[in-house]
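Structure first, then comments.
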Amino acid sequence: SERPLIASQDGANVPLVLSCGNCLRPLGCIEIQMDILCGECSPSNLEVPKWKLPLKLPEGKQFTTEVVPCRHACGVVYCSKKCEKEAHDSWHRLLCVGPLKTTDAPLYQFKIHAMNNNLDLLFAAQVVANMICRYQQSDGKDHKEKLAHARRPYKSFIHNKWWDVVIQPDHLAHLKKREFVSMTKNQLKLSYSLLSRAFEKETKGLPTPIVTLDEYSEIVGMMHQNQLGIRRGNAVKAYLEYIATQEKSEARKKSWDIIRKKMAEIQAQLEFEEGEGEGEGEGEEEHSIVEEKTKGASEETYTLGEETDIEEEENPMSVEDALAEDEFVDELLCPFDGAALFSLICCLNHSCRPNVIIDYGSSFGPVEAQVVALRDITAGEELCFSYLRKKLPLAERRKEMLDYGFTCMCEACIEEEKALQDAKEKT
């Protein structure tokens, strides 16, 4: 397995999935994760759950109950003091907003600018912060050796300038290409200026900058083209998968009924929010589908130490049936979403007919990537995986791949293109 060089949870995902800011493992316990999804508490305002699940996870599947805050109370939390120190020493001490006394600070302004424009800038800042930390920790004898040590982990990646690889979004389609490139360059220059000012104290007096503007543009382009999107099932979903493997018992039944009831609460809230923006007919159709899938949700609430019997229900939905509705479960039990840069795996090429997949490890543990073969692979055969999360038609696949800077011409695309051309000629 390979740990990422750089990894981060998506900002929009942070309020829904409590995760370590360093290794990205889930924190707390199943009950806390469920309360967050239900809106009973939040990662920034955790509370001890008022209920518990009778069926406990076995040793080896349990995740940490420890939640260690950043030493400067910036809001980032960790699974251990070890992870907090590792992140602090590697990059977080330079990007932490905890010590800032005003929102006018360059670092604060940089983060606002990045979130409003492009998240690639945030990932690039993490790389630059890591380079500065590596430079300061290097035992090189001079500036040149320290600089080489700082940049070493990132030398093997593609380094195209950001404005050469970023795709012009649909809402800016009215701009000419040169206008869009000019706008992108201006965004980058402002971003670089704010970040340089934020790191001024750390880099003052160096013979040359650790990262120049041109190098910064290549780092942003590197993150845009090389980083991998990570999606893992929510720890609560993984708990349900564990329940499904267990023999029938009262503890198993009670645990599933508790979670099923809470999933129904989440479903009702989502339906309410979606229904406010939908037409009456469409909303009613979605309501009927969702009701059918959550049929029989228990109305009982279980508090710590309570032994209340569960009322028998007619034809309650089984955990196996729920898990069969994979997309529906992920809609209610929000998966972990993030991105990471791996030194080896990110160098693998794409294929629409891959011979390997990337497994990011157990939903209970840290993010670690493993390459898993999909079939027998001969010696010398190139390992390729799909950069896309789902199967798409040829035209849509190629449109998606433009974001990586190329038009896919893999074996599958060539065969599909030929078949479409033959069919067109016959008609």
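The values are calculated or read from the model by the stated rules, or taken from the named source; none is laboratory data. The shown structure was predicted, so the numbers you read here are calculated from the model rather than taken from an experiment. So basically every Cβ, Gly included, is an ideal-geometry build from the backbone, and we count neighbours across all protein chains shown. Each accessible area value is taken on the protein alone, full model and side chains, heavy atoms only, with ligands, DNA and RNA left out. Shrake-Rupley method; radii C 1.70, N 1.55, O 1.52, S 1.80 Å.
Could you identify which residue out of D403, D337, D257 has the top mean-square fluctuation in a GNM of the chain using Cα springs shorter than 10 Å?
Result for the chain, Cα springs under 10 Å: D403 fluctuates most.
Percent relative contact order of segment 124-274, based on C-alpha pairs within less than 8 angstrom and at least six residues apart?
On the way: 83 pairs, mean separation 44.4, N = 151.
So the answer I get is 29 percent.
Counting Lys +1, Arg +1, Asp -1, Glu -1, what net charge surrounds H159 among other residues with beta carbon under 11 Å of its beta carbon? Don't jump to the answer; show the numbers that get you there.
Working: positive: R151, K155, K161; negative: D164, D214, E215, E218.
Residues near H159 contribute -1 overall.
Taking a probe of 1.4 Å, how large is the accessible area per residue of segment 173-217, in Å²? Numbers along the way, then the final one.
Values: 2830 Å² over 45 residues.
I get 63 Å² per residue for segment 173-217.
Whole angstrom only: what separates the Cα centroid of segment 99-120 from the Cα centroid of segment 315-355?
31 Å
Counting Lys and Arg as +1 and Asp and Glu as -1, what is the net charge of the other residues whose Cβ lies under 11 Å from the Cβ of C29? Don't jump to the answer; show the numbers that get you there.
Working: positive: K52, K56; negative: E31, D35, E66.
Value of the local net charge: -1.
Is any residue of segment 191-206 close enough, with backbone N under 18 Å, to a label point placed 7 angstrom from the Cα of D214 along the Cα-Cβ axis, and if so, which?
Under 18 Å, as judged by backbone N against the label point of D214, lie 192-193 of segment 191-206.
Pick from V128, V181, V220: which is most flexible by mean-square fluctuation in a GNM of the chain where alpha carbon atoms under 10 Å apart are linked?
V181
Given springs between every Cα pair under 10 Å in a Gaussian network model of the chain, which of M34, M317, M223 has the largest fluctuation?
For the chain, modelled as a Gaussian network with Cα springs under 10 Å, the answer is M317.
Report the label-to-label distance for E415 and E66 in nanometres (one decimal), using points 7 Å from each Cα along the Cα→Cβ vector.
5.1 nm
Run down the lysines and flag those whose C-alpha is under 29 Å from the C-alpha of K426, throwing out any fewer than 8 positions away in its chain.
Candidates past the 8-residue exclusion: K391, K399, K418.
All other residues with a Cβ under 12 Å from the Cβ of S138 taken together, and with Lys, Arg as +1 and Asp, Glu as -1, what is their net charge? Don't skip to the answer; put the middle values down first.
Numbers: positive: R134, K141, K144, K146, R151, R152; negative: D139, D142, E145.
Counting the neighbours of S138, the net charge comes to +3.
Could you tell me how far the Cα centroid of segment 246-278 sits from the Cα centroid of segment 213-242, in Å?
For segment 213-242 versus segment 246-278, the Cα centre distance is 28 Å.
Take every Cα pair under 8 Å in segment 341-406 that's 6+ residues apart, average their separations, divide by the length, and report that relative contact order as a whole percent.
Details: 66 pairs, mean separation 22.5, N = 66.
It comes to 34 percent, rounded to a whole number.
Report, in listed order, any pair from K155/K185; K52/K254; K50/K254; K52/K261 with a Cα-Cα distance greater than 19 Å. Each step should come with its number before you reach the end.
Numbers: K155/K185 23 Å; K52/K254 10 Å; K50/K254 16 Å; K52/K261 14 Å.
Where the Cα-Cα span goes over 19 Å, the pairs concerned are K155/K185.
How large a share of the accessible area of segment 176-278, in percent, is made up of carbon and sulfur atoms when the probe is 1.4 Å and the other protein chains stay in place? Don't skip to the answer; put the middle values down first.
Working: 2490 of 5030 Å².
Carbon and sulfur together cover 50 percent of it.
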